[in-house]
1. Considering region 137-180 alone, what residues qualify as being touching a Ser or Thr at 6+ places or on another chain (Cβ under 9 Å) and among the polar types (S, T, N, Q)?
2. Based on what the data block shows, is ILE210 in contact (Cβ under 8 Å) with a residue 24 or more places away in the chain, in a helix (DSSP H, G or I) and crowded, with 21+ Cβ neighbours inside 10 Å?
3. Of (1) under 26 Å from MET14 (Cβ atoms); (2) surrounded by fewer than 18 Cβ atoms within 10 Å (Cβ to Cβ), ASN155 satisfies all except one. Which?
4. Can you work out which of the residues in region 63-118 that are among the polar types (S, T, N, Q) and under 20 Å from LEU153 (Cβ atoms) is modelled with the lowest pLDDT?
5. Going by what's in this entry, would SER181 be described as over 21 Å from ASP69 (Cα atoms), of a type outside the set (Val, Ile, Thr) and surrounded by fewer than 18 Cβ atoms within 10 Å (Cβ to Cβ)?
6. If I filter region 105-157 down to residues being within 28 Å of SER89 (Cα to Cα) and hydroxyl-bearing (Ser, Thr, Tyr), which single residue comes out as nearest to the chain's Cα centre (by Cα)?
7. Which one of these is part of a loop (DSSP other than H, G, I, E, B) and either within 30 Å of LEU196 (Cβ to Cβ) or of a type in the set (Asp, Glu) (or both): THR39, THR79, THR17, THR85?
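The values are calculated or read from the model by the stated rules, or taken from the named source; none is laboratory data. Everything quoted here is computed from the prediction, not taken from an experiment. Every residue, glycine as well, gets a Cβ built from its backbone with ideal geometry; the counts of neighbours run over all protein chains shown.
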Amino acid sequence: MKQHLPLVVGNWKMNPTTIAKARKLFLDTRTKLGARKRTVTSVIAAPFPFISELQRLSPSQRIALAAQDVFFEASGAHTGEVSITMLKSVGVSMVIVGHSERRARGEDDDEIYCDVQAVLASKTTVIICVGEKARDSHGNYFGIVEAQIRAALRNVAVKELTRVVIAYEPVWAIGTGKTASAEDAYEMKLFIHKLLTDRYDRKAAEKVRIIYGGSVKKHNATELLTIGQVDGFLIGGASLKASDFTHIIDSAEDYAKNHLT
């Protein structure tokens with residue numbers, strides 16, 4: 001099973017509280033990353049009001065920009081929504097779709113499917129979040145993840161898979177301090193890879209990055225990469241501290257240099 005060069009995405013969620021604080025956090029992160037060329041793809045998913053300013057602060061796109069959500073319609077009478085065209089116009093190159101916090105607020109599989117279609121149609125990378133609320137001794141949580149993936153990837157063609165990232169984020173590990181073990185992450189990566197192989201074929205499945213999200217910290221990142229063999233991370237709280245976020249990126253960089261390049 002192929003491992004990709006790591007993708008590390010910082011999801012700021014509804015943080016920080018002002019544009020000034022967002023600017024400082026971004027600049028601190030940029031400074032700590034330094035100017036050297038990296039194999040890791042570093043991404044920040046900031047709240048919508050901050051994206052234009054962050055684009056101005058990263059003209060070279062050394063730190064790529066992602067959106068935390070999208071609305072599938074291109075334009076029209078949709079108060080409060082943001083389209084993929086709007087997002088691309090301010091520098092967004094990736095979009096998170098189906099985050100558990102959005103699902104908890106009522107976003108269903110059909111909406112997520114429409115969002116995936118809209119993002120892929122715009123030639124933009126989509127990060128599809130999947131994961132169970134709880135684990136059980138019978139393995140029923142695999143069925144939950146399978147249903148989410150099948151729903152999101154309906155009608156997605158093989159040629160589009162290079163722009164698909166699957167983020168496995170067990171809901172019970174998000175913001176709780178709990179983390180799936182590296183062995184659990186590896187087991188789920190194998191399961192997702194098999195699903196993709198069955199849905200397409202092995203060569204096509206190899207195109208998809210499978211990353212992990214759920215209380216990723218600087219002390220567990222290396223183990224998740226080496227044992228879990230995930231292709232990167234979707235990071236919440238740790239991305240709000242420039243030193244912690246860049247430490248995780250550095251861990252991924254070291255891993256990639258020692259094992260993947």
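1. Of everything in region 137-180, those that are touching a Ser or Thr at 6+ places or on another chain (Cβ under 9 Å) and among the polar types (S, T, N, Q) turn out to be THR162, THR176, THR179.
2. Spelling it out, it is not the case that ILE210 is in contact (Cβ under 8 Å) with a residue 24 or more places away in the chain, in a helix (DSSP H, G or I) and crowded, with 21+ Cβ neighbours inside 10 Å.
3. Evaluating ASN155 over (1) under 26 Å from MET14 (Cβ atoms); (2) surrounded by fewer than 18 Cβ atoms within 10 Å (Cβ to Cβ) leaves (1) as the failure.
4. Per the stated criteria, the residue is SER100.
5. Yes; evaluated as a whole, the condition is true for this residue.
6. The residue in question is THR125.
7. Values: THR79 fails: either within 30 Å of LEU196 (Cβ to Cβ) or of a type in the set (Asp, Glu) (or both); THR17 fails: either within 30 Å of LEU196 (Cβ to Cβ) or of a type in the set (Asp, Glu) (or both); THR85 fails: part of a loop (DSSP other than H, G, I, E, B).
Residue meeting the stated conditions: THR39.
Per-residue answers, yes or no, for (1) assigned to a loop (DSSP other than H, G, I, E, B); (2) in contact with a His (Cβ under 8 Å, 6 or more places away or on another chain); (3) farther than 20 Å from LYS203 by Cα:
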{"site": "CYS114", "(1), (2), (3)": "no, no, yes"}
{"site": "ALA118", "(1), (2), (3)": "no, no, yes"}
{"site": "VAL126", "(1), (2), (3)": "no, no, no"}
{"site": "GLU132", "(1), (2), (3)": "yes, no, yes"}
{"site": "ASP136", "(1), (2), (3)": "yes, no, yes"}
{"site": "PHE142", "(1), (2), (3)": "no, no, yes"}
{"site": "ALA151", "(1), (2), (3)": "no, no, yes"}
{"site": "ALA167", "(1), (2), (3)": "no, no, no"}
{"site": "TRP172", "(1), (2), (3)": "no, no, yes"}
